[in-house]
Amino acid sequence: MSPLIRWALFYVQIAAKDILAARAELVGYQHAPLTDVTTTRSARLEAWLAARRARGRGLPACDARYRNYHKGPTSPLHRVNCALIERMAGVCKITDRSLRSMVEQAAEEMGLEPGGMETPISCHPAMQQPWRDRFSPLSLHHEEYMLIAACYIVCAYLSGMRVSEIMQLRRGCYFTETTADGLITRHKLRGTTFKDHGRRGIPATWVVIAPVAEAIAVLEQLTDHDELFRAQRMKQKTAPYGAVVQSALFLKTFRDHVNQIAATGAVPIAPIPEVDGAPWPLNSLQFRRTLAWHIANQPFGVVAGKIQYQHVSVTTFEGYAGQSESGFRSEIEAERQLQQMEDVVDRYEEYCHGVKATGPGAAHIGRIFAQVQQELGDFPGKIIDRGRVRAMLLHLGRTLYPGILNDCFFDPAVAHCLKTDKSETPLIAQCHPDRCPNSCITERHLPAWEQALATAKEHLSQRRLPVLQRTVIEQQIADFSRVIAPLKGAKNGGEPDNGAQTPRSDGSSV
């Protein structure tokens with residue numbers, strides 16, 4: 001998915017400028033009048049050829065697709081895009097006897113160039129070469145559809161909207177709103193959601209990120225329709241639920257097209273990889289589910305360089321939870337619950353590999369893991385199916401919340417953070433990882449504890465520190481040291497002691 005979204009963003013943010021400029025150039029040719037007076041035609045064509053020759057340009061070459069379809073004896077003019085020359089020079093019928101020899105002679109002298117239109121092609125910021133040859137009318141038409149596909153991918157993947165919701169986006173759907181404190185400007189889309197609301201649907205609003213807004217702006221320049229993704233030949237009655245743009249074939253064409261560009265090396269983006277030795281069977285239903293999975297499983301994953309899933313998570317949650325009936329939040333929560341069980345299995349596998357653990361809850365969790373290991377016979381040299389491990393660990397009756405300072409195997413009955421609150425999830429801001437029976441601290445958390453210990457010692461070194469504050473910091477240093485003592489032993493080569501507890505000065509254990 002990462003190369004796919006990077007290619008889509010490349011089209012929206014870089015290639016779109018070239019495509020839209022070439023589109024404007026071609027429209028200008030189509031509106032310019034053509035002369036059919038022989039003397040005027042000859043003068044105009046000669047002037048155009050002279051200007052072309054002065055810039056070191058060749059004549060526009062015929063598209064390969066046209067050459068492949070042509071049958072019959074070969075002629076020099078069959079390699080020249082005469083129709084484009086007529087439009088660019090403002091001359092009609094250049095294949096007539098009166099002008100034919102002039103064009104043939106120019107082709108021999110000046111040579112041919114791919115595409116042939118005037119619009120220059122941009123370079124990727126990291127490269128020193130254009131990302132493709134100059135456009136021809138045929139290649140421009142194809143690139144316009146690839147740009148529509150790129151806009152669709154950006155909207156579908158970075159907004160979490162359903163296919164039917166995206167297909168109903170109309171011109172003017174994008175707007176911005178500033179939060180009540182005036183500090184943050186949100187990008188938003190107006191549209192219609194259909195799930196559980198029939199074919200007519202109901203109005204809905206989605207909070208999106210800046211690249212989605214860029215894609216909408218490109219579409220509004222690219223299409224003349226009010227419905228931004230509506231195909232030109234699509235019947236109006238089918239508009240609410242689909243169009244050729246979201247078809248699997250259309251998306252696969254985009255996949256193959258960008259892989260061809262990747263093969264040239266003109267754009268520093270990896271090709272879209274194969275899956276099980278075959279091209280990825282891309283379809284429009286994958287985007288929403290994949291975004292939900294990434295937000296739930298990899299909240300700090302990076303998309304396209306500086307775009308973070310954490311940012312997408314915040315905005316989509318705000319939009320779907322607060323203003324939209326589309327139900328994206330429930331899908332993210334379902335993915336998060338699945339991942340929490342996978343986290344429990346990961347901690348079990350760490351236990352089996354001797355990862356050191358301490359904390360008030362380590363002994364209890366260690367005994368459960370040991371029992372599961374004994375029942376499964378999960379010892380070196382024997383392969384245990386991960387599904388069996390997951391099934392055996394379901395009886396924990398707890399949900400794992402991984403953290404920076406500890407892992408919380410949450411049991412609300414004994415949670416210290418819920419002494420005065422009733423909640424189905426832990427209150428992280430009130431967590432006491434060195435005291436709560438749900439807390440389990442492993443070697444993965446050691447760097448954070450060491451940093452906290454170093455910070456406390458740095459504060460203690462200040463000379464004009466009040467006596468009371470000095471006493472509190474000294475107690476913190478002592479507590480931090482006791483917490484990480486078993487883990488530092490493992491780090492320095494000591495034997496694993498899963499479930500070990502260290503006595504505190506007040507008689508309790510950590």
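All of the numbers you see were taken from the coordinates with simple rules; none came from a lab. Predicted model, so just to flag it, every value in this text is computed and none were measured. Glycine gets a Cβ as well: all are built from the backbone with ideal geometry, and neighbour counts include every protein chain shown.
Peptides 129-137, 359-367, 148-156, 52-60 ranked from most to least packed give 148-156, 359-367, 129-137, 52-60, packing being the mean of other C-beta atoms within 10 angstrom over each peptide's residues. The local environment of VAL12, defined by Cβ-Cβ distances under 14 Å, has a net charge of -3 under the rule Lys, Arg +1 and Asp, Glu -1.
Relative contact order of segment 8-167: 32 percent, from C-alpha pairs under 8 Å at least 6 residues apart in sequence. With θ taken as phi - 60° and the Karplus curve 6.51 cos²θ - 1.76 cosθ + 1.60 applied, the whole-hertz 3J(HN,Hα) list for segment 359-370 is x, x, x, 5, 5, 5, 5, x, 5, 5, 4, 5 Hz, x standing for glycine and proline.
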